[in-house]
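The values are calculated or read from the model by the stated rules, or taken from the named source; none is laboratory data. Predicted, not measured: the structure shown is a model, and the values here were computed from it. When we count neighbours, we look across all protein chains shown, and the Cβ atoms used for this are built from the backbone with ideal geometry, even at glycine.
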């Protein structure tokens, strides 16, 4: 895992991976980003079916056009509080490959912002004490105007076998 | 697409190898002439097409194998246990060669391996011995050209064949040599060749390079049909029909459509259909493989079938699932709208979807026989390894199961058979001492019962050793002396499915490490099945797996619990009863229900699932059978039946206990499917107080 943490600032990514389109969204005021190739669609919140005794980060199922998709509450993985979602909330439906298995999941976010181009080659690691989010969950951050863009590491943050512990503040 | 024919060859050869194995094993129970012919033909096809598709090592080796079987076919080599042993090993070697063909280095190693050399030598020795005994030089027979077959000793009574050979118009341009073919035919025996000129056009229309001729040959020969076919084996792009003429028939002009010819052509045609939808033998031109398939796949020839990739069936099933869900929505809309025309259409679609569902499910069904064959081999080699004499009796091989169920059952069944053979069946001495026949029997049976298929592995061995299980369970801390005393015998038997639970005194290479039986339970549970054990000391034991026929769509019972709607598989539901208020609110902790003099324990689903139930709704109990007993599940209300398309859980929820997956209801909501057995088990294993707190 240490390799992953240092990857962003020491090892340049291949040129074609450098600039990529990312979807940006808000969670508790912070601006997160995911590479758009993972994004399948964005939905208004719809009725959900809770799964009793399920892991806290995947508490419920929804019906996305006839297929059953788990909701994945990323806030729990990042150690954020799980306040009710605001009116602007959306579900971002993602197609991922986890543990060699194709999986579709829906990520509730406070608001979807934009699709922008980001230079992934120039990602920086979060400095120590810079945030309480588990270091493994974040691929890196980059500056965008006034804001900090936080790029999630999809392979880690959605893999519930990887225990995420918040950093000491 | 470029490697299409090679893929087809691979698939056919894999099938052929399976067939060889099955036939060889069946020969142990007594030889039937048809079976040996099948074997010979299959080997011959593999050799021929193997060489054609660049599987040279395979073709080379198969040649030796085929030689041996040619002698068997001619009755000059006895088919005994020794030969079957060699043949099975040879078959495995062929499978290895087939698999390794794309890696030259591995292939060379395989071919040069001492075992392989020994096999070749043993096959060669067999052929030589038999050859010497018969005094004929047979070893070169069947190498792919007809001369060799012709040089051999007479193979049977002199028969008369009628052959019509009409080369395709452009075949001469592609190098066909009808003259050579006719010469070869003449070598086989007495040939009367008549040329048919009726198709020759007027002179000004003749293309000098085209063929307009047809040859009609009446051949009297002792060489078999195979030998005749072999003459034409490399004649591509042609129209041939070969018929064994029943009577000395005059080679008249228009025999192309004569009855015997048609009959034979049809058989060959369905054989080629069965192996992958290539053109029939009599199809003029176009089919590159026409001649080559002549000797192929005789066993499945009667059932014309199409090979479809399993993934396409899965896709079809998915789409059908969507359709069923959409249809459920239509139904509920139609019910609301109270519009007779709409209701009529909804009903019509309902009927059609149900029919489509049944056909689609039927398409995925395979007879369990396909895996039974594999077990004969397992039993055979294990019996040798363990030094036990064991016969495998299979019944109900035609019982059909969903392909996916069969796939995931193979390994567990192998474990069960191994376990029976290693632990259940005694040594020959012990069996003698117990007054049993020395040859032990393992029974493998399958039968359908309602929506379930029951698969039983039974042996006539010593039965489960209850004392040893008890001792082991106490030792492992699975039981305390107090709980052990109260434990019913069935529960005690089920302990053999605990992980790393082995009562074997010695660990053999076969089993005894305690892996395996828990894998069996896991596989069966994953298939939403259950396990039952019956055993009697000294008389043997039988383990029965109860499995749902299909995994994809089930009939379910919709129940309301709190604000949630859940589906209970109808196959596990026994009955529904009312729950008296007093029973439910009893504070004593008793959770027993009295139904017609029977005490049935119950589980409150709302508590178990951590859902708030408003308590005012009429309380009902659904009695299900789980873990071999009746258990009540308390629900708020029963909503009705529902055709349930099972959507398996994603990896996030796969480990959540008590559910078989989810489904989508008519109103678009997602509902969870309760797996009664898993639910009961999770209640049993969990601390009842911790269960809802998590």
Among residues of the range A:28-44, those that are modelled with pLDDT of 90 or more and under 30 Å from residue B:563 (Cβ atoms), counted = 5
Within the range A:118-131, residues farther than 20 Å from residue A:36 by Cα and surrounded by 13 or more Cβ atoms within 10 Å (Cβ to Cβ) come out as A:125, A:126, A:130, A:131
State yes or no: is residue A:55 surrounded by fewer than 19 Cβ atoms within 10 Å (Cβ to Cβ), within 14 Å of another protein chain (Cβ to nearest Cβ) and over 11 Å from the mean Cα position of the chain (by Cα)?
-> yes
Only one of these is under 24 Å from residue B:663 (Cβ atoms) and at pLDDT below 85: A:103, A:160. Name it.
-> A:160
Do we find that residue B:39 is in a helix (DSSP H, G or I), under 30 Å from residue B:391 (Cα atoms) and touching a residue at least 24 places away in the same chain (Cβ under 8 Å) in this structure?
-> yes
Candidate set: the range B:596-629, residues that are in contact with a strand residue (DSSP E or B) (Cβ under 8 Å, 6 or more places away or on another chain), within 14 Å of chain A (Cβ to nearest Cβ) and at pLDDT 75 or above; chosen: the one farthest from residue B:677 (Cα to Cα) = B:611
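Per-residue answers, yes or no, for (1) under 26 Å from the mean Cα position of the chain (by Cα); (2) more than 27 Å from residue B:376 (Cα to Cα); (3) touching a residue at least 60 places away in the same chain (Cβ under 8 Å):
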position: B:53; (1), (2), (3): no, yes, no
position: B:61; (1), (2), (3): no, no, no
position: B:75; (1), (2), (3): no, no, no
position: B:86; (1), (2), (3): yes, no, no
position: B:97; (1), (2), (3): yes, no, no
position: B:102; (1), (2), (3): no, yes, no
Look through B:658, B:632, B:666 and report the one residue that is over 14 Å from residue A:68 (Cβ atoms) and modelled with pLDDT under 80.
-> B:666
Answer with yes or no whether residue A:96 is touching a helix residue (DSSP H, G or I) at 6+ places or on another chain (Cβ under 8 Å) and either at the interface with chain B (Cβ under 7 Å from one of its Cβ atoms) or closer than 26 Å to residue B:322 by Cβ (or both).
-> yes
Near pairs, Cβ below 8 angstrom, 6+ apart or cross-chain, from the range B:320-343 (within 11 Å of another protein chain (Cβ to nearest Cβ)) to any residue that is at pLDDT 85 or above and part of a helix (DSSP H, G or I) | B:323/B:353; B:323/B:356; B:324/B:353
Just to be sure, is residue A:111 modelled with pLDDT of 90 or more and over 30 Å from residue B:567 (Cβ atoms)?
-> yes
Taking the range B:561-581 and keeping only residues that are within 14 Å of chain A (Cβ to nearest Cβ) and either at pLDDT 90 or above or assigned to a loop (DSSP other than H, G, I, E, B) (or both), one is left with B:562, B:563, B:565, B:566, B:567
Mind checking which residues of the range B:645-671 are without any contact (Cβ under 8 Å) to a residue 60 or more places away in the chain and either out of contact with any strand residue (DSSP E or B) (no Cβ under 9 Å at 6 or more places or on another chain) or facing another protein chain (nearest Cβ under 7 Å) (or both)?
-> B:650, B:651, B:652, B:653, B:654, B:655, B:656, B:657, B:662, B:670
Flagged in the range B:106-147 as under 18 Å from residue B:78 (Cβ atoms) and either within 32 Å of the chain's Cα centre (by Cα) or at pLDDT 80 or above (or both), in numbering order, are B:122, B:123, B:124, B:125
Scanning the range A:58-70 for residues that are facing chain B (nearest Cβ under 9 Å) and either closer than 19 Å to residue A:110 by Cβ or touching a strand residue (DSSP E or B) at 6+ places or on another chain (Cβ under 6 Å) (or both) gives A:58, A:60, A:61, A:62, A:63, A:68, A:69, A:70
Options B:353, B:370, B:379, B:306; residue that is closer than 30 Å to residue B:461 by Cα and out of contact with any strand residue (DSSP E or B) (no Cβ under 8 Å at 6 or more places or on another chain) = B:370
Is it the case that the range B:383-395 has a residue that's part of a helix (DSSP H, G or I), away from chain A (no Cβ under 14 Å) and touching a strand residue (DSSP E or B) at 6+ places or on another chain (Cβ under 8 Å)?
-> yes
With criteria (1) within 9 Å of chain B (Cβ to nearest Cβ); (2) surrounded by fewer than 18 Cβ atoms within 10 Å (Cβ to Cβ); (3) more than 18 Å from residue A:159 (Cα to Cα), residue A:103 comes up short on (3)
Of the criteria (1) at pLDDT below 85; (2) closer than 30 Å to residue B:662 by Cα, which one residue A:19 fails = (2)
Mind checking which residues of the range B:322-340 are more than 42 Å from the chain's Cα centre (by Cα) and buried (at least 16 other Cβ atoms within 10 Å of the Cβ)?
-> B:334
Counting residues that are crowded, with 21+ Cβ neighbours inside 10 Å, at negative phi and modelled with pLDDT of 85 or more, which helices (runs of 4 or more DSSP H) fully inside the range B:396-497 reach at least 1?
-> B:403-419
So is residue A:115 touching a residue at least 40 places away in the same chain (Cβ under 8 Å) and under 14 Å from residue A:39 (Cα atoms) or not?
-> yes
